[in-house]
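Read the structure below first, then the notes.
The values are calculated or read from the model by the stated rules, or taken from the named source; none is laboratory data. Everything quoted here is computed from the prediction, not taken from an experiment. As a convention, Cβ positions derive from the backbone with ideal geometry for all residues, glycine included, and neighbour counts pool all protein chains shown. Side chains included, ligands, DNA and RNA excluded: accessible areas come from the protein's heavy atoms. Shrake-Rupley method; radii C 1.70, N 1.55, O 1.52, S 1.80 Å.
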Amino acid sequence: DAKTTQPNSMESNEEEPVHLPCNHSTISGTDYIHWYRQLPSQGPEYVIHGLTSNVNNRMASLAIAEDRKSSTLILHRATLRDAAVYYCIPSGLLGGSEKLVFGKGMKLTVNP
Amino acid sequence: DSGVTQTPKHLITATGQRVTLRCSPRSGDLSVYWYQQSLDQGLQFLIQYYNGEERAKGNILERFSAQQFPDLHSELNLSSLELGDSALYFCASSVVSSGGANEQFFGPGTRLTVL
């Protein structure tokens, strides 16, 4: 399993953009980079994933470095509802399973 | 609402007992995953079933077992419970395998408290 490094925590202000970094220098060539988040008292929630190209969806954007050793999740306008623990997870088809290996994640605080 | 349901929401039991946690995946999802979240270990993958067959095992104790039924719902059985088994247990589901690109949809979890 690829090792990931994320800051323990970050703070942002409401309605401002926030960039959440992740290092995954041991990622394999076929692993996708997934981001999930977990709001307080809820199950994890899928945010976005990508392989090589930058990706956008209604929740966020994902910028992937050219060497794929790092990625950045971008929330364009943080809201109070975005306060959560964010997990960056390299994931592929390992032994026929797409299990997710969660690290410690990064706690995002959004200030009003 | 992810479409994944888990019952019960809360479970309080005593050491040495056995409990069964139930998960109904999203309609059409063939894969079911079980994860355990405790304060000291974080979120850990336990086991995966795909269309009724065990697909992968993680850090699942021998006292724990799971199965997936023909209607695709899954049950996680925990026996000889210990205080350290107190945790949140999440079930997730996804569609057929596509090389790691699938998103998993998580249920709300079952909070197990062992006294």
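One table, with the values for the structure above:
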read-out	value
Extreme residue, nearest to B:Tyr89 (Cα to Cα), among residues of segment A:25-73 that are among the polar types (S, T, N, Q) and outside any loop (DSSP other than H, G, I, E, B)	A:Gln38
Search result, residues across segment B:51-88 that are buried (at least 20 other Cβ atoms within 10 Å of the Cβ) and within 19 Å of A:Gly103 (Cα to Cα)	B:Ala87
Yes/no for B:Phe105 being touching an Asp or Glu at 6+ places or on another chain (Cβ under 9 Å), within 14 Å of chain A (Cβ to nearest Cβ) and hydrophobic (A, V, I, L, M, F, W, C)	yes
Residue within segment A:96-111 that is more than 11 Å from chain B (Cβ to nearest Cβ) and touching a Lys or Arg at 6+ places or on another chain (Cβ under 9 Å) present	yes
Subset of segment A:11-40 (residues that are more than 9 Å from every other protein chain (Cβ to nearest Cβ) and open to solvent by 60 Å² or more (accessible area, probe 1.4 Å))	A:Glu11, A:Asn13, A:Glu14, A:Glu15, A:Glu16, A:Pro17, A:His19, A:Asn23, A:Ser25, A:Thr26, A:Gly29, A:Pro40
Only one of B:Gln36, B:Gln48 that is open to solvent by 10 Å² or more (accessible area, probe 1.4 Å) and in a strand (DSSP E or B)	B:Gln36
